[in-house]
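Nothing in this text is a laboratory measurement; each read-out follows from the coordinates by a stated rule. All of these numbers come straight from a predicted model, not from anything done at the bench. Glycine also receives a Cβ, built like all others from the backbone with ideal geometry; neighbour counts cover every protein chain displayed.
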Amino acid sequence: MAQLTFLRAAKNPRTAALFAKETAKAGLDRLGVILWSSSQARRGELARRDRLRAAGPGRWFIDEERRLVRTLAELIVPASDESPGAQDIEIIEPLEKLVAGSPQRRVLYGRGLLAFDAIARHEHGTAFADLPKEEQTRLARDLDRRREAVRDRSSVSNGVRSLLRILRYQKSGEYAAVELWPTLISDVTDVFYTNPMSWMWLGYDGPPMPRGYPDVTALTDTQRAPQDAAAPPKPDVAESA
Amino acid sequence: MANLQPREESVDVVVIGAGAGGGVVAKELGEAGLQVVVLESGRRFAPEVDYPTDRTDFEIAAATVFEAEDPRRDVHTTAHPFDYVRAKGVGGSTLRYLAISPRFHESDFRTRSEDGVGDDWPLSYADLEPYYERVEQELGVSGPNGPDANPFESPRKVPFPTAPHPFNLASRVIRRGADKLGLHLVREPVAIPTSDWNGRPACINAGTCGLGCRIRAKSSIDVTYVPKAEATGRVEIRPSCTAREISLDGRGRAGAVIYHDDRGAEHEIRGRAIVIAGNAIETPRLLLLSRSSAFPDGLANSSGLVGKYFMEHLAVFSYGLFDERLDPWRGIPTGGMLQDYYATSRANDFARGWTTVVSTSSHWPLSVARRSAGWGAEHKARTKRLFGHFVGLASVGEQLPSLSNEVTLDPLLTDRFGVPVPRLVSAPRENDVAMVRAIAIRQAEILAAAGATETWGGEYSPGTSAHYLGTCRMGADPKTSVVNARGRAHDVQNLFVADGSVFVTGAGVNPALTISSLATRTAEGIVGAFTRREL
């Protein structure tokens, strides 16, 4: 079938290019898995964690992952004297539910969290969550830079450099952290800004339904926020399967 | 055909698509006494159940409601960057539209005569005016009358059915800027009644129109025309049924529609007339897929123009940050309209013009947080600074029809049923590029005059207008058009098109009201043809 597709694609330069790109991406992904799996220690540690995973709807993290996720979430949305942060809301439960319900996220989080600790241990000999806040921030900024570097395809030479970087990071295992970091930022942001605690800080009197806004020229009545909201549904068994 | 089911059915009319065109046609034909089956590729939504805008996580939960359950459903390819935005379901794109419902201007029907660009339509504003009136009544369109009316509006014989929405604080700030510049910011017509209408409640200013209206106040087709169609007892809506081909009968007329149900099984249904209303991308796709010895290049395509002259609107967004608190989320997602730049001006280096609306859409906490990249204390500070303090301007500019912009069949990719997917070729041409530049400048002027301390945006985002037009243009000459002024195919006398495909030019306003008005006129023509025993 693939051969037939290739033959059809080869007749059209545009589709041939598309086909080549897709094939190259699939090949790179496969190579990445091989390189990541080349470390017996990594494979063993992931297997150990998988054996410890909690059973039940919406549960997936092991204790040390929960601790690390909480630490990372507090970097992403830090609290201050004037404003709440991830530490002030229930952050783990909704994130865990999200991960438990998504096979792609389970792979991303499983390997990525492992990589965060591996980087910390490699550079400082300790788990990420035990590092001083300044060092955690520095490592996270490093991931931002690495992410930018591997996304730079602005020229052929940059594209080749990006490819080589990806392979190197795959081999060292840190690519999993590079991949997880933007997803984690997005997931934590989602959880924080859909929590009434952040709404009160911002001055938002939602959700929009069922009351709407009888007076569109009024300014926010922050007292209404939490009372009227319907809670998200509880996870069901199928979701966490 | 190997999977074809043995069931054979025949009705008066088969309608393909249940949106702003097909839903309207179905209701009009049903009320006229015809038996109608509507094939809709999307599912049916139950607003009170499916639109979770009462939850704290509504920005996540409600944002994906209209996404395809099977991502292979909406596969397409593009030649240029183009974001194909759509909702499939009973109600079509009106499920998530913001219901902005202005009429076309008189000049929109004769751009060739007036400005030497595009082409003239085979009908005038006066021809369409009675149908605009009927649709506005059905939808309970709200808008300003008397001294508050839009000074640029086309002549109307009756006032808007319901009173205009009030301006919120964000709109008032923009009006402050418009007033300084001598512009005319007025309340835009919207198909969101401000008083109870046809058994539906008045709008409660929740602002969730783009996420689906949980209380059915927004006049989407699924809560307006579709219930009336079904109430006739002669219209059957079939959700999750996707047309793949129209076959000919022995007399060279459109005989039957072959379609897939959601399990992939093929069915066939015969109609004495067939109406296609899939949108300006799916409609030409279906015609191009329907090849035969009589129509080797696609059904009703002797002109070679099926799929040609693909247009959208030039969507340009700008934003301004203000020191004062605006709370833009209160009220419907648009907050006023100005058409001072609508008409062609000799001072411009382009023809035609645009409409600008105040955009108060998606100003909720997570939507605002997502506007800034990054994380940490800086990201939080930026979110706090933006929240409740900025407002947008959204313009839709008239993209001129170009033969180079088209919808074709992709030679390689197929969808979940093995059917070739549409390939979209859409790029802004010289006139479009000049207009986009001008729109950005005017938007920045308005925001500055209103007192914005920071502005951003001003870029054209291809495809994001979600207004897809052309591709089966109407006209009097079968050599230069696909359908006539009633939406009837020149080549196939029992085949009709009733969506944005028939537009000759796109005008500079949101098209849904005009699509529904043209569909009403097309339905009237079909009823006439049945009465005359032509069908």
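A few comments on the model shown:
- Ordered from longest to shortest, the equivalent ellipsoid semi-axes for segment B:342-437 are 35, 27, 11 Å, each the square root of 5 times a Cα gyration tensor eigenvalue.
- Between 0 and 90°, nearest 10: helix B:125-139 axis offset from chain B longest Cα axis: 80 degrees
- For segment B:184-326, average projected area of the Cα convex hull in nm²: 14.4 nm²
- Those aspartates and glutamates that a straight Cα-Cα span of less than 17 Å connects to A:Lys171, excepting residues fewer than 8 apart in one chain: A:Asp29, A:Glu45, A:Asp117, A:Glu123, A:Glu179
- Each peptide in B:503-511, B:520-528 receives the mean, over its residues, of other Cβ atoms within 10 Å, and ordering these scores from highest gives B:503-511, B:520-528.
- Counting Cβ atoms of other protein chains within 10 Å of each Cβ in A:193-201 and taking the mean gives 5.
- The dipole here belongs to segment B:150-208: it is taken about the Cα centre, uses +1 on the Cβ of Lys and Arg and -1 on the Cβ of Asp and Glu, and is about 140 debye.
- Normalised by residue number, the volume inside the convex hull of the Cα atoms of chain B is 145 Å³ per residue.
- For chain B, the longest principal axis of the alpha carbon atoms and the long axis of helix B:376-386 meet at an angle near 90°.
- Amide H partners (placed H, <5 Å) of B:Val117, local residues excluded: B:Arg112
- Tail weight of P(r) past 19 Å, computed on alpha-carbon pairs of segment A:38-199, percent: 57 percent
- Residues with amide H under 5 Å from that of B:Glu245, placed H, sequence gap 5 or more: B:Ile258
- With all projection directions averaged, the alpha carbon convex hull of segment B:407-535 covers 12.1 nm².
- Antiparallel beta bridges, as assigned by DSSP with both residues in chain B, represent about 65 percent of the total such bridges.
- Residue exposure sequence - B:Arg251, A:Arg49 - by fewest surrounding Cβ within 10 Å: B:Arg251, A:Arg49
- Rounded to the nearest whole angstrom, the semi-axes of the ellipsoid equivalent to segment A:116-226, taken from the Cα gyration tensor as √(5λ), stand at 41, 20, 10, largest first.
- Taking every alpha-carbon pair under 8 Å whose residues sit at least 6 apart, segment A:38-199 reaches a relative contact order of 27 percent.
- Residues B:Met337, A:Met200, ranked from the fewest to the most other C-beta atoms within 10 Å, line up as A:Met200, B:Met337.
- Within the protein assembly as shown, antiparallel bridges make up roughly 65 percent of the DSSP beta bridges whose residues both belong there.
- Cα-based Kirkwood hydrodynamic radius, segment A:173-224, one decimal, Å: 13.4 Å
- Net charge contributed by nearby residues that have their C-beta within less than 9 Å of B:Ala485 (K/R +1, D/E -1): +2
- Across all Cα atoms of the protein assembly as shown, the radius of gyration (one decimal) and Dmax (whole number) stand at 27.7, 88 Å.
- Shape descriptor for segment A:79-149: Rg over Rh equals 1.02 (Cα atoms; Rh from the Kirkwood inverse mean 1/r).
- 10 Å Cβ neighbours from other chains, averaged over peptide B:506-512: 0
- Sorting B:216-224, A:148-156, A:113-121, A:160-168 by average packing, meaning the other beta carbons within 10 Å per residue, from highest down gives B:216-224, A:113-121, A:160-168, A:148-156.
- Going by neighbour counts of Cβ atoms within 10 Å, the residues A:Asp81, A:Asp142, B:Asp477, B:Asp12 line up, fewest first, as A:Asp81, B:Asp477, A:Asp142, B:Asp12.
- Cα centre as origin, Lys/Arg/Asp/Glu Cβ charges: chain B dipole, Debye: 400 debye
- For the pair A:Asp63 and A:Ala218, label points projected 7 Å from Cα toward Cβ lie 4.9 nm apart.
- Distance violations [Cα-Cα > 30 Å] among A:Lys97/A:Lys133; B:Lys88/B:Lys228; B:Lys157/B:Lys218; B:Lys27/B:Lys479; A:Lys21/B:Lys384: B:Lys27/B:Lys479; A:Lys21/B:Lys384
- Along segment A:129-137 the Karplus relation, 6.51 cos²θ - 1.76 cosθ + 1.60 evaluated at θ = phi - 60°, assigns HN-Hα couplings of 5, 8, 6, x, 3, 4, 6, 4, 5 Hz to successive residues, with x for each Gly and Pro.
- Under the Karplus curve 6.51 cos²θ - 1.76 cosθ + 1.60, θ = phi - 60°, whole-Hz ³J(HN,Hα) for segment A:171-185, x wherever Gly or Pro sits: 5, 6, x, 6, 4, 4, 6, 4, 6, 6, 3, x, 5, 5, 4
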